[in-house]
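The structure appears below as structure tokens.
The values are calculated or read from the model by the stated rules, or taken from the named source; none is laboratory data. For clarity, every value in this text was computed on a predicted model and none was experimentally measured. Heads up, the Cβs are rebuilt from the backbone with ideal geometry, glycines too, and the neighbour counts pull from every protein chain shown. We work out accessible area using only protein heavy atoms, side chains counted, and drop any ligands, DNA or RNA first. Shrake-Rupley method; radii C 1.70, N 1.55, O 1.52, S 1.80 Å.
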Amino acid sequence: MTELLLPAGSVEKMRYAFRYGADAVYLGLGDFSLRTMRKGDIITDENLKSAVDEAKSLNKKVYLTLNIFAYDDDIKKLFSILDIVASAKPHALIVSDFGILNIVKRELKNIDIHISTQTNTLNSEAVKFWRDLGANRVILARELSFKQIEAIRKNVQDIELEMFIHGAQCMSYSGRCLLSDYMTGFERKANKGGCAQPCRWSYKLLEETRPNEYFEIIQDDRGSHILSTKDLCLVKYLKQLTDIGIDSFKIEGRTKSLYYVSAAAKTYRMVMDGKISADEGYIELLKIGNRGYTTGFFLGCNDSSTYSYDISKGLAGADFLGIVHGASDNGFEVLMKNKVYLNDEVEIITPKYSSKAKVLEIINDKREDNSVANTNDTVILRFECEDDRWQEEASYALIRTTGIKNENINKEITLCD
């Protein structure tokens, strides 16, 4: 059965990803990952082993990213953590640099090697090349069509293939971009994990002989975000990909919220298990942050319709309202992520269930009744629910607004002609 692979930017996100349906997660250490995390319960040298052990206790898998483009200084740092990685024993290492590949093959012989999408693997011979170098899996480039993926799978059957099915895309070839390096004075290097995402910035045109006159770059009145791609969404094509033998479905988003990871994992898990239809899954995916959805290169074309000219920041169809920490005497303890008012209609989701609910009572940390729960408050909420079964999993329940409230989000996925 095809694996569902979710991002884990922290230990907490890893736990929620597993609980909501992921078979495996990928995570990274700060100096060697293309997504550097600097706050929260991040993955560190100190907790890497405990995170991997926890995953193994759940019969889940952890893949460690070592996929930066490395300089000699990075190689020296890598040698300093080899013992930590060897002790943690992740199920696989995701690499893109030949030097790092050479080292881990020699020093970490009992850990599988997965070849990162950063290598731009686009053809069968390249997959064979990585296989012959000892790789167990290749993560294909996003710039492939279904027919090309199908051909690669047919031509090379003795190695695992992984592909991205959901999440943000890069305007550059599989992430090989120097725009952030230049735009930040080389302080935030994209291929060292520090991308500032200048492709999401708004640009104006300056004519050099008119230094104080700026002109918006406009296409059909949609604004000036000329480099910002829509997000990939292949939920409607999972069966075809499973049928041709793709081994792992990967979702992008290590810097995204716990809600994003959980809701995406639940939706794809339910579609993969046949519990909801692909069309129903797509509606659910509209409720998490996105810039509008596209199939990218998957259908054999990629034109201007796959760019988001008016949205650069991901917009969620539903607002993430809070994390339920468990039951209390008077209701449920909730860490608020957005403001909620008394009598608001909300949706509570858990790995198995979801229920619409009405907020009947808000009690603050001083045990006082309130009419509002503010962002970052920890409060007690009492609900009137349509379905109380969610309480069986209350310790992993999340609260969001109902329906799809943001009209700027495309209701239909963008398909090129």
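Structure values in brief
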| quantity | calculated |
| --- | --- |
| Rounded accessible area per residue of the range 1-158, 1.4 Å, Å² | 44 Å² |
| Pair Y237, D365: separation of 7 Å Cα→Cβ label points (nm) | 4.8 nm |
| Dipole moment magnitude, nearest 20 debye, the range 88-157 about Cα centre, only Lys, Arg, Asp, Glu C-beta charged | 200 debye |
| Cα-projected label distance for I75 with I404, points at 7 Å along beta-carbon direction, nm | 5.0 nm |
| Farthest positive-ward along the range 1-135 dipole, Cα basis, beta-carbon charges - from L27, A17, A51 | A17 |
| Computed lengthening from D387 to K275, 0.36 nm per intervening residue step minus Cα-Cα distance | 38.5 nm |
| About the Cα centre, charge dipole magnitude for the range 14-140 (Lys/Arg +1, Asp/Glu -1 at Cβ), debye | 400 debye |
| Accessible carbon and sulfur surface of the range 69-155 relative to its total accessible area, %, 1.4 Å | 48 percent |
| Where the Cα pairs of the range 311-395 fall when distances are cut into 5 Å bins, in % | 3, 15, 26, 28, 16, 7, 4, 2, 0 |
| Nonlocal amide H pairs with Q197, under 5 Å, H built at 1.01 Å | none |
| Solvent-accessible area of L342 with every protein chain in place, 1.4 Å probe, in Å² to the nearest 10 | 70 Å² |
